[in-house]
Structure formats: structure tokens, C-alpha cells
Amino acid sequence: MPYVRISLLKGKPPQYLRALADGIHQAMAECFEVPLADRFQLIHQHEAGEMIFDRDYAGGPRSDDFVLVAIQTGRPRTAAAKAALFARMAAI
């Protein structure tokens with residue numbers, strides 16, 4: 001049972017939040033072989049100043065649209081599966 005926390009700044013419409021959550025779950029289904037019905041996600045929206053991140057880390061830049069996704073899985077995944085998941089999520 002993977003557990004996903006999605007953190008972003010407040011202000012996005014509900015449709016955006018749902019599309020983001022759906023895209024992350026679809027990527028997990030494709031790359032981590034997570035069943036579609038095995039979905040546990042929390043979306044955390046933060047006020048300005050409550051989400052602190054380096055806007056230039058690893059080449060940046062990061063805008064106020066930055067989203068932090070933390071995934072806790074029940075079993076380890078291969079490096080190849082993780083790379084595929086990251087690439088798939090970045091394409092959302």
C-alpha cells in the first residue's frame with residue numbers, strides 16, 4: 001500500500017489538484033505496478049512562507065508551481081523502476 005503526500009503552495013483549483021493526484025497515481029500504476037484501486041494520497045497546500053525550497057538547486061529554477069511528492073512504499077523498487085517513475089511524473 002503506497003502512501004503519497006503531495007505538497008504545494010495554496011491557490012490551485014480543485015481540477016488541477018485532482019489531475020495532479022491522478023497523474024501521480026497513474027505513473028505509480030505504470031512504473032511500480034501499483035493496482036489502480038490501491039490509492040492513498042494526501043494533498044497538503046501551504047501558505048506563502050510555509051513551504052521553503054531552494055529555487056536554484058541542481059540547476060533550477062523552481063517557481064511557485066513547485067510540487068514536492070513524497071512516496072512511501074511497502075516494498076523496495078529497482079533503480080530502473082524509480083527512474084521510470086520520476087520521468088513519468090515529470091511528464092505530468
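A few notes on this one:
- Some residue of region 38-45 being at pLDDT below 95 and loosely packed, with under 11 Cβ neighbours inside 10 Å: no
- Lone unmet requirement of (1) within 19 Å of I71 (Cα to Cα); (2) at pLDDT below 95 for G59: (1)
- Scanning region 35-64 for residues that are under 16 Å from G23 (Cα atoms) and either in contact with a Ser or Thr (Cβ under 6 Å, 6 or more places away or on another chain) or not basic (K, R) (or both) yields P35, L36, A37, D38, F40, Q41, L42, I43.
- Counted residues, region 10-36 - those being exposed (fewer than 11 other Cβ atoms within 10 Å of the Cβ) and not acidic (D, E): 5
The values are calculated or read from the model by the stated rules, or taken from the named source; none is laboratory data. Computed from a prediction, not measured in an experiment: that's the story for all the values here. We place every Cβ from the backbone using ideal geometry, glycine too, and count neighbours over all the protein chains shown.
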